[in-house]
Structures are given as structure tokens and as C-alpha cells.
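Below: the structure, in C-alpha cells.
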């Protein structure tokens with residue numbers, strides 16, 4: 001069953017003017033990854049998702065006759081420096097490595113994690129070439145692009161020859177590699193016992209605007225149709241959105257809503273024995289007046305002013321979680 005949820009309409013508010021390029025892109029993150037093993041089972045997962053925070057608590061069980069020591073990894077989404085050079089990524093911190101504020105604990109104790117961050121051009125590892133030029137691998141964060149523009153001519157030419165950057169003229173270079181980052185540690189799974197692993201991070205939530213044009217997919221096949229398809233916006237949800245836009249519109253200007261997209265990669269749970277024994281999902285849309293829409297194969301019940309919950313058992317996820325929250329902009333001062 002697909003679930004769509006629309007919030008109760010709030011009082012009319014005037015939308016503040018916005019420019020078209022005031023938007024940012026989302027990156028889908030998920031849970032812990034593990035090489036397939038016959039004996040390690042994800043007995044339970046408590047998953048909390050909002051546009052601003054993700055928290056996960058796992059209970060893992062070793063059903064085998066022997067203890068298992070294995071690497072557990074949390075990969076961050078790939079960052080295509082070519083794609084995001086001129087299109088900002090959504091909510092990220094200043095740390096170019098741990099830009100999502102990832103933390104992990106095992107049985108209540110903080111775990112020191114190792115980090116691997118590498119650069120790739122297609123399938124070729126080009127980390128050494130990037131570092132040899134004196135550049136950070138994650139060139140897009142913390143003002144690192146300026147370091148690329150300030151390289152001497154010889155280093156720029158070497159990077160251009162290797163296909164790692166493209167000269168845009170006037171001393172500006174456009175990076176072309178992909179950044180891959182993962183956190184990992186070696187985890188001990190004792191036989192016949194439960195291990196509790198918890199981690200949290202700030203999701204890379206994208207933000208853009210939703211207008212009445214997006215309600216007409218025939219006119220806007222790349223915009224409106226994508227929103228409606230990917231986030232299961234059904235008739236009642238679209239009707240609620242249309243009414244909200246009408247409420248905040250001016251005689252000479254159509255209203256627009258802020259729309260925040262947050263993705264969570266759930267299918268990697270299939271790497272564990274039997275998928276997920278029990279999944280308890282909580283979604284928080286942050287404000288009572290916000291509109292939430294997502295595709296979900298199960299009951300999703302309202303449990304608070306902003307929260308919705310679902311419990312599924314013996315789950316082998318066939319799709320990831322993609323959700324949007326639509327918010328009425330604050331009026332101009």
C-alpha cells in the first residue's frame with residue numbers, strides 16, 4: 001500500500017519572493033553496510049527521519065556457532081564535483097570529511113571510527129594525483145574551490161591533461177572527479193548475544209520551490225511529474241498543496257512553497273541475514289502545518305502533531321525511502 005499524508009491547512013500567509021536558483025540538492029544516505037554473512041542478523045531497527053536529523057538504533061544477533069569479527073561501514077553518498085560545482089549540495093557542515101556529523105556507539109559506548117576518502121574519475125582512483133597537486137579530495141566544501149583556482153599554471157595544466165579539471169577561462173577550473181567517503185570500524189559479534197549499534201547524522205536534505213506549475217505535469221514533465229511519481233503525491237495530497245499555494249498567492253504573483261527532499265537508502269539492509277526482523281519507522285515533518293508525502297508499503301499512523309510511525313516485520317526492502325516536506329515560507333518582514 002502506498003501512503004500519502006497531507007497536513008491540515010493553516011491560516012493564509014503571504015509568501016516571500018524567491019529567486020529560481022535558491023535551491024540545493026539532496027543526497028541519499030542509509031544505514032550500516034556489511035558484507036553478506038550467513039549468521040549476522042538485524043533483529044531490530046528503530047529509524048527516525050526528519051529533514052534535519054536521522055537517528056538509528058540497531059539490534060544485531062549472531063546466530064552462528066562462532067564469534068564473528070567483521071568490518072562495518074557507513075558510506076556517505078558519492079559527490080560528483082562536476083555536477084555540484086555550480087549546484088550547491090543541501091545541508092552540510094564545514095568539515096570536508098565528516099560533512100554530515102556522523103557519530104556511532106556500540107552498546108552505549110562511543111566508537112572511534114576510521115575514515116576513507118578517495119577521488120575517482122569514472123572507475124579510476126585518482127586520489128594520489130589530487131593530493132600531489134596540493135588539493136583536498138572534497139573540493140566543494142569549506143571554500144576549497146578557491147584552492148583549485150589559485151594553483152600555478154603548471155599544476156593546472158597537469159590536471160587538465162589528466163582529465164581531472166576543465167578550464168573555464170579567466171583562471172577558473174571546473175573539477176571533474178567523484179568524492180567517495182566512508183566511515184568504518186571492526187565490530188565483534190559474539191555468538192548468541194545481541195549487539196546494539198546506534199548512529200546519527202544530519203541528512204543532506206535538498207531544498208527548492210514548489211509552485212502551481214509543478215501541479216501540471218503535462219506542462220512540466222521534468223518537474224511536476226517527478227515530484228508526483230517519486231514521492232507518491234496522490235489526489236488528496238495534490239489538492240491540499242494546491243489550496244495552500246492559492247492561499248499564499250498574490251493577485252499578480254503565484255505563491256510558492258518550500259519543498260525539502262530527504263532520502264534514506266534502506267535496501268542495504270538486505271545484506272544482513274534475512275533483511276530486517278522488525279523495523280520501527282518514525283517520521284517527523286517538523287511543523288504541524290507542513291505537508292508530508294512519501295511512498296511507503298505499510299501503515300503509517302499519525303502519533304503526534306508532527307510525527308508518523310510504522311512497524312513492519314520480516315522486511316526485505318525492495319525500495320528506499322524518499323520523502324518530501326512542503327512548508328509555507330515565512331512572510332517578508
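Scan segment 286-293 and tell me whether some residue there is touching a residue at least 40 places away in the same chain (Cβ under 8 Å) and under 20 Å from residue 42 (Cβ atoms). No, there is no match, as no residue in segment 286-293 is touching a residue at least 40 places away in the same chain (Cβ under 8 Å) and under 20 Å from residue 42 (Cβ atoms). Residue 262 meets the conditions (1) assigned to a loop (DSSP other than H, G, I, E, B); (2) closer than 16 Å to residue 52 by Cβ in every case but one. The failed one is (1). Candidates are the residues of segment 21-34 that are more than 12 Å from residue 204 (Cβ to Cβ) and surrounded by fewer than 20 Cβ atoms within 10 Å (Cβ to Cβ); the one that is modelled with the highest pLDDT is 33.
Condition check for residue 129 on (1) touching a strand residue (DSSP E or B) at 6+ places or on another chain (Cβ under 6 Å); (2) outside any loop (DSSP other than H, G, I, E, B): one failure, at (1).
For (1) part of a helix (DSSP H, G or I); (2) modelled with pLDDT of 90 or more; (3) under 23 Å from the mean Cα position of the chain (by Cα); (4) within 30 Å of residue 291 (Cβ to Cβ), each residue gets a yes or a no:
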residue: 142; (1), (2), (3), (4): no, no, yes, no
residue: 146; (1), (2), (3), (4): yes, no, no, no
residue: 158; (1), (2), (3), (4): yes, yes, no, no
residue: 174; (1), (2), (3), (4): no, no, no, no
residue: 183; (1), (2), (3), (4): no, no, yes, no
residue: 195; (1), (2), (3), (4): no, yes, no, no
residue: 213; (1), (2), (3), (4): yes, no, no, yes
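Each residue in segment 263-295 was checked for being at pLDDT 90 or above and within 24 Å of residue 60 (Cα to Cα), and 8 pass. Among strands (runs of 3 or more DSSP E) entirely within segment 35-105, having at least 1 residues that are at pLDDT 95 or above and closer than 30 Å to residue 300 by Cα singles out 40-49, 54-62.
The values are calculated or read from the model by the stated rules, or taken from the named source; none is laboratory data. Computed from a predicted model, the values in this text were never measured in an experiment. Methodologically, a virtual Cβ is constructed for each residue, glycine included, from the backbone with ideal geometry; neighbour enumeration extends over all protein chains shown.
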